[in-house]
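Structure, as structure tokens:
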Amino acid sequence: MAMKKYSPVLALVICVIILQAIASLAGREYYLTQLTMSAYYCLVILGLTVLMGYTGQISLGHAAFFAMGGYTTAVMTTRNLIEMQGSAAVDLAVRLGLTVTEKNAYGVEILHLSPWVSLVTAVCLTAAVAFFIGIPILKLKGHYLAMATLGFGIIIYRIVLGSRIFGEADGISDIPQFALAGGLAVSGDPALRVQNYYIAAVLVVAGVVLLMNLVDSRVGRALRSIHGSEEAANAMGVNVARYKLLVFVLSAVFACIAGVFLTHFNGGVGPSEADVMKSVSYLAIVAVGGMANLWGALVMGILLNYLSLRGYFGSYDEFVFGSILIVIMLFFPNGLLKMENFRWLSDAAARVINSYRARGGEGKDGLS
Amino acid sequence: MGFLELKNMSRSFGGLRAVDDVSFEVAKHQIKAVIGPNGAGKTTLFNLITGSLVCDSGEARINDVPIQNLPPHRIARRGISRTFQNIKLFSHMTVVENVMVGRHIRSRAGFLPAMLRLPGARREERAIRERSLEILSVMGIAELADQDATSLPFGTQRIVEIARALATEPELLLLDEPAAGLNIYETARVSEMITKIRERGVTVLVIEHDMSLIMNISDEIVVLSSGKKIAEGVPADIQKNEEVIRVYLGEDDA
Ligand SMILES: Nc1ncnc2c1ncn2[C@@H]1O[C@H](COP(=O)(O)OP(=O)(O)OP(=O)(O)O)[C@@H](O)[C@H]1O
Ligand SMILES: [Mg+2]
């Protein structure tokens with residue numbers, strides 16, 4: 001039972017290793033850079049899948065939560081505290097180990113807050129914001145909810161674009177690396193490409209396992225029941241408003257963590273991360289992945305982000321994601337990668353297998 | 001004292017008094033029926049009891065504790081469960097998963113234990129599944145456990161909905177037209193099922209248009225018409241009540 005449930009995870013891990021091996025053997029490790037970025041975007045998409053696909057609550061504001069993670073860590077870790085040494089607060093932070101001293105690319109000594117501090121701050125901040133805007137917003141349904149989250153996304157985008165401390169249109173650059181443990185660091189340094197690929201992969205695998213567990217639990221069933229019928233869920237004792245709020249916060253935190261890590265990986269963050277078109281592309285990927293389908297979202301998330309980041313869509317990027325969304329909504333409102341859309345395929349396979357068995361094929365019972 | 005007491009419950013939609021000053025009691029372990037013509041306010045009354053709708057005025061008590069205008073999920077925790085006239089099973093979920101949602105109030109794992117599959121959550125999960133499968137086999141639909149609930153035939157869906165409601169282990173079960181759209185065999189099965197549910201100690205309040213079913217199983221009947229209670233009593237008396245015959249029972253002959 002458990003083995004069968006987690007076998008896709010094993011397959012994912014194997015794919016991760018194979019892709020790295022191919023890229024390294026072919027001397028094309030730079031491909032791993034876009035895969036790493038795609039993996040972080042997948043964290044946003046996985047969280048959104050639980051919110052949208054499983055709970056049925058749309059959000060066009062997830063780029064904003066991603067940006068809140070990215071900008072929080074950018075602002076907090078790019079401030080050089082060296083001149084402020086001697087002030088009580090900075091000395092205390094240093095003594096508590098909340099700071100990092102290092103030389104930047106120009107050999108200048110800098111003292112800045114540890115990314116661990118900014119990660120925790122970003123998560124708390126995002127959770128709090130999601131919680132407080134979620135209370136009024138999640139009372140809305142369908143396109144009203146879409147409009148409200150869209151409005152929130154636009155506000156965050158304008159704030160980022162218009163504030164000096166967020167670097168306005170230029171964003172924030174020269175963001176230091178995020179030293180994890182055991183010599184691992186989230187960083188765009190080409191020498192650390194392989195380990196960064198694995199750091200992102202570990203986060204995605206952990207994310208998908210956590211959410212798989214969630215979906216298949218008491219809480220997950222409550223979330224799915226909300227999608228099915230809010231009235232019936234309520235009548236069965238599910239506190240619909242509370243679960244909607246908590247899953248909204250959870251998915252926002254996934255986006256925020258992705259934002260923090262990708263920002264340290266890229267060494268910079270810009271307002272395009274908060275752009276509403278980003279939210280549209282996340283939503284399109286959840287839809288094309290099959291809505292209530294974590295694995296579909298993951299596969300599509302890697303594939304489409306990778307193609308987009310490698311520039312295959314050229315200047316048609318927004319057009320591509322917009323059209324995907326329109327086509328899905330028109331023809332596959334329940335998502336594309338859904339079993340029922342592929343029933344003809346499994347039926348055909350079953351026919352082939354049956355005719356094979358009828359001709360006396362033995363020992364094939366272990367197939368499934 | 002009744003187990004469920006309704007006092008002067010009223011609810012209007014615009015100018016329409018859908019439930020108008022309705023009072024009655026349901027005793028413990030009773031099967032009580034609510035009948036009346038279409039639009040009489042029967043479903044609205046159920047929605048008021050379960051908190052799906054707030055009442056304009058009046059009082060509802062369960063075990064002498066007021067419940068009116070509590071949110072529905074709190075009322076569910078007070079031991080009231082229900083089915084819906086237009087079946088509301090959860091789509092994209094199997095039959096057993098639907099019933100497992102009924103165990104929600106009897107379990108407690110939150111987001112973190114669920115995501116981390118902590119031992120307590122796993123133990124609870126096993127118990128939820130076992131209990132739900134048990135309920136399915138009591139209802140005689142164990143073999144459907146892994147089918148997609150909303151693609152089942154109509155009659156079966158009604159039984160799944162009853163199973164889901166029973167999974168909450170209610171003290172009071174509200175059934176909104178459990179036999180609507182069923183053939184006579186299925187209706188007989190539902191009738192037998194309701195009697196069995198009462199034998200297990202559950203109080204039942206049932207809305208139904210099928211008179212032979214109602215006369216067979218109910219201890220008492222309340223008749224609503226245009227939102228008002230026009231009669232209440234044992235089946236034999238209701239059948240003889242002239243006003244009831246005029247507004248409701250008679251309509252079949254017309
Ligand atoms: N949410 C609502 N908004 C407006 N009017 C409503 C609403 N719910 C019910 N009504 C109206 O209230 C009246 C009572 O409806 P209700 O559904 O309670 O009747 P009923 O006795 O259950 O009828 P039926 O036997 O057809 O199920 C009807 O006229 C109906 O149109
Ligand atoms: Mg009704």
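The values are calculated or read from the model by the stated rules, or taken from the named source; none is laboratory data. All values reported here derive from a predicted model rather than from experimental measurement. Note that we place each Cβ from the backbone using ideal geometry, even for glycine, and neighbour counts take in every protein chain shown. The protein model used for the area step is the full one, side chains on, heavy atoms only, and it has no ligands, DNA or RNA in it. Shrake-Rupley method; radii C 1.70, N 1.55, O 1.52, S 1.80 Å.
If a residue has to be of a type outside the set (Ser, Thr, Tyr), buried (at least 23 other Cβ atoms within 10 Å of the Cβ) and farther than 14 Å from A:Ser114 by Cα to count, how many in region A:59-92 make the cut? Walk me through how you get there before you give the answer.
To start, the set of residues in region A:59-92 that are of a type outside the set (Ser, Thr, Tyr) comprises A:60-70, A:74-76, A:79-86, A:88-92.
From what is left, the residues that are buried (at least 23 other Cβ atoms within 10 Å of the Cβ) are A:61-70, A:74.
Now restrict to residues that are farther than 14 Å from A:Ser114 by Cα: A:61-70.
The qualifying residues number 10.
Collect the residues in region B:48-71 that are more than 16 Å from ligand 2 (Cβ to nearest atom) and under 13 Å from B:Glu5 (Cα atoms), keeping them in residue-number order. Don't jump to the end; show me each part of the working.
Here is the first cut: in region B:48-71, the ones more than 16 Å from ligand 2 (Cβ to nearest atom) are B:51, B:54-71.
Scanning region B:48-71 gives B:Gly58, B:Glu59, B:Ala60, B:Arg61, B:Ile62, B:Asn63, B:Asp64, B:Val65, B:Pro66, B:Ile67, B:Gln68.
Could you pull out every one of the helices (runs of 4 or more DSSP H) wholly within region A:1-86 that has 2 or more residues that are in contact with an Asp or Glu (Cβ under 8 Å, 6 or more places away or on another chain)?
Details: elements: A:2-25, A:31-48, A:62-78.
The qualifying helices (runs of 4 or more DSSP H) are A:2-25, A:62-78.
Is it fair to say A:Leu246 is facing chain B (nearest Cβ under 9 Å), at pLDDT 95 or above and in contact with a Gly (Cβ under 6 Å, 6 or more places away or on another chain)? Full working, then the answer.
On the way: facing chain B (nearest Cβ under 9 Å): yes; at pLDDT 95 or above: yes; in contact with a Gly (Cβ under 6 Å, 6 or more places away or on another chain): no.
Here the answer is no, as A:Leu246 does not meet what is asked.
Against the definition (more than 16 Å from ligand 2 (Cβ to nearest atom), buried (at least 23 other Cβ atoms within 10 Å of the Cβ) and on the phi > 0 side of the Ramachandran plot), how does B:Gly79 come out, yes or no?
Working: more than 16 Å from ligand 2 (Cβ to nearest atom): yes; buried (at least 23 other Cβ atoms within 10 Å of the Cβ): no; on the phi > 0 side of the Ramachandran plot: yes.
Spelling it out, it is not the case that B:Gly79 is more than 16 Å from ligand 2 (Cβ to nearest atom), buried (at least 23 other Cβ atoms within 10 Å of the Cβ) and on the phi > 0 side of the Ramachandran plot.
Look through region B:95-114, keep the residues that are open to solvent by less than 30 Å² (accessible area, probe 1.4 Å) and more than 7 Å from chain A (Cβ to nearest Cβ), and return whichever of them is nearest to B:Ala76 (Cα to Cα).
Filtering region B:95-114 for residues that are open to solvent by less than 30 Å² (accessible area, probe 1.4 Å) and more than 7 Å from chain A (Cβ to nearest Cβ), the one nearest to B:Ala76 (Cα to Cα) comes out as B:Arg103.
Where residues in region B:142-183 are away from ligand 2 (no atom under 16 Å from the Cβ), outside any loop (DSSP other than H, G, I, E, B) and charged (D, E, K, R), which of them is least open to solvent (accessible area, probe 1.4 Å)?
Among them, the one singled out is B:Arg164.
When you go through A:Gly237, A:Gly314 one by one, which is the residue that is farther than 23 Å from A:Leu150 by Cβ, within 14 Å of another protein chain (Cβ to nearest Cβ), more than 14 Å from the chain's Cα centre (by Cα) and without any contact (Cβ under 8 Å) to a residue 40 or more places away in the chain?
Details: A:Gly314 fails: within 14 Å of another protein chain (Cβ to nearest Cβ).
Unique residue meeting the criteria: A:Gly237.
Looking only at region B:115-133, filter to residues that are facing chain A (nearest Cβ under 7 Å) and closer than 21 Å to B:Glu161 by Cα; which one of those is most open to solvent (accessible area, probe 1.4 Å)?
B:Glu125
Taking region B:160-180 as the region of interest, how many residues are away from ligand 1 (no atom under 16 Å from the Cβ) and modelled with pLDDT under 95?
0
Consider only pairs whose beta carbons are under 7 Å apart and that are at least six residues apart or on different chains; among these, list those whose first residue lies in region A:202-216 and is free of Cβ contacts under 8 Å to residues at least 60 places away in the same chain and within 16 Å of A:Thr55 (Cα to Cα) and whose second residue is surrounded by 20 or more Cβ atoms within 10 Å (Cβ to Cβ) and small (Gly, Ala, Ser).
Sorted first by the residue in region A:202-216, then by its partner, the pairs are A:Asn213/B:Ala114.
Going by the conditions given, is A:Val123 in the same structural domain as A:Glu231 (by TED's automatic domain parsing) and without any contact (Cβ under 8 Å) to a residue 60 or more places away in the chain? Write out each step before concluding.
Details: in the same structural domain as A:Glu231 (by TED's automatic domain parsing): yes; without any contact (Cβ under 8 Å) to a residue 60 or more places away in the chain: no.
Taking the combined requirement at face value, the residue does not satisfy it.
Any chance region A:119-126 includes a residue that's open to solvent by 80 Å² or more (accessible area, probe 1.4 Å) and of a type in the set (S, T, N, Q)?
no
If you take the residues of region B:29-44 that are near ligand 1 (Cβ under 7 Å from one of its atoms) and out of contact with any helix residue (DSSP H, G or I) (no Cβ under 8 Å at 6 or more places or on another chain), which of them is most open to solvent (accessible area, probe 1.4 Å)?
B:Asn38
Kindly indicate whether B:Met139 is of a type outside the set (Ser, Thr, Tyr), facing another protein chain (nearest Cβ under 9 Å), away from ligand 1 (no atom under 16 Å from the Cβ) and crowded, with 19+ Cβ neighbours inside 10 Å. Can you show your working first?
Numbers: of a type outside the set (Ser, Thr, Tyr): yes; facing another protein chain (nearest Cβ under 9 Å): no; away from ligand 1 (no atom under 16 Å from the Cβ): yes; crowded, with 19+ Cβ neighbours inside 10 Å: yes.
Considered against the rule, which asks whether it is of a type outside the set (Ser, Thr, Tyr), facing another protein chain (nearest Cβ under 9 Å), away from ligand 1 (no atom under 16 Å from the Cβ) and crowded, with 19+ Cβ neighbours inside 10 Å, B:Met139 comes out as no.
All but one of (1) within 22 Å of the chain's Cα centre (by Cα); (2) open to solvent by less than 70 Å² (accessible area, probe 1.4 Å); (3) in contact (Cβ under 8 Å) with a residue 24 or more places away in the chain hold for A:Ser173; state the number of the condition that does not hold.
(2)
Could you count how many residues in region B:60-92 are within 8 Å of another protein chain (Cβ to nearest Cβ) and either modelled with pLDDT under 95 or in contact with a strand residue (DSSP E or B) (Cβ under 7 Å, 6 or more places away or on another chain) (or both)?
5
Based on this model, can you work out whether A:Gly56 counts as at positive phi, touching a residue at least 12 places away in the same chain (Cβ under 8 Å), assigned by TED's automatic domain parsing to the domain that holds A:Ser173 and surrounded by 11 or more Cβ atoms within 10 Å (Cβ to Cβ)? Talk me through it step by step, then tell me what you get.
Details: at positive phi: yes; touching a residue at least 12 places away in the same chain (Cβ under 8 Å): yes; assigned by TED's automatic domain parsing to the domain that holds A:Ser173: yes; surrounded by 11 or more Cβ atoms within 10 Å (Cβ to Cβ): yes.
Considered against the rule, which asks whether it is at positive phi, touching a residue at least 12 places away in the same chain (Cβ under 8 Å), assigned by TED's automatic domain parsing to the domain that holds A:Ser173 and surrounded by 11 or more Cβ atoms within 10 Å (Cβ to Cβ), A:Gly56 comes out as yes.
So, B:Leu45, is that one at pLDDT 95 or above, touching a Leu at 6+ places or on another chain (Cβ under 8 Å), within 16 Å of ligand 2 (Cβ to nearest atom) and more than 10 Å from chain A (Cβ to nearest Cβ) or not?
Numbers: at pLDDT 95 or above: yes; touching a Leu at 6+ places or on another chain (Cβ under 8 Å): yes; within 16 Å of ligand 2 (Cβ to nearest atom): yes; more than 10 Å from chain A (Cβ to nearest Cβ): yes.
Spelling it out, B:Leu45 is indeed at pLDDT 95 or above, touching a Leu at 6+ places or on another chain (Cβ under 8 Å), within 16 Å of ligand 2 (Cβ to nearest atom) and more than 10 Å from chain A (Cβ to nearest Cβ).
Just to be sure, is B:Val26 away from ligand 1 (no atom under 16 Å from the Cβ) and open to solvent by less than 20 Å² (accessible area, probe 1.4 Å)?
Values: away from ligand 1 (no atom under 16 Å from the Cβ): yes; open to solvent by less than 20 Å² (accessible area, probe 1.4 Å): yes.
Yes: the conditions hold for B:Val26.
Conditions tested, residue by residue: (1) within 16 Å of ligand 2 (Cβ to nearest atom); (2) more than 21 Å from the chain's Cα centre (by Cα); (3) touching a residue at least 40 places away in the same chain (Cβ under 8 Å).
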| position | (1), (2), (3) |
| --- | --- |
| B:Phe84 | yes, no, yes |
| B:Phe90 | no, no, yes |
| B:Val99 | no, no, yes |
| B:Arg108 | no, yes, no |
| B:Pro113 | no, yes, no |
| B:Leu118 | no, yes, no |
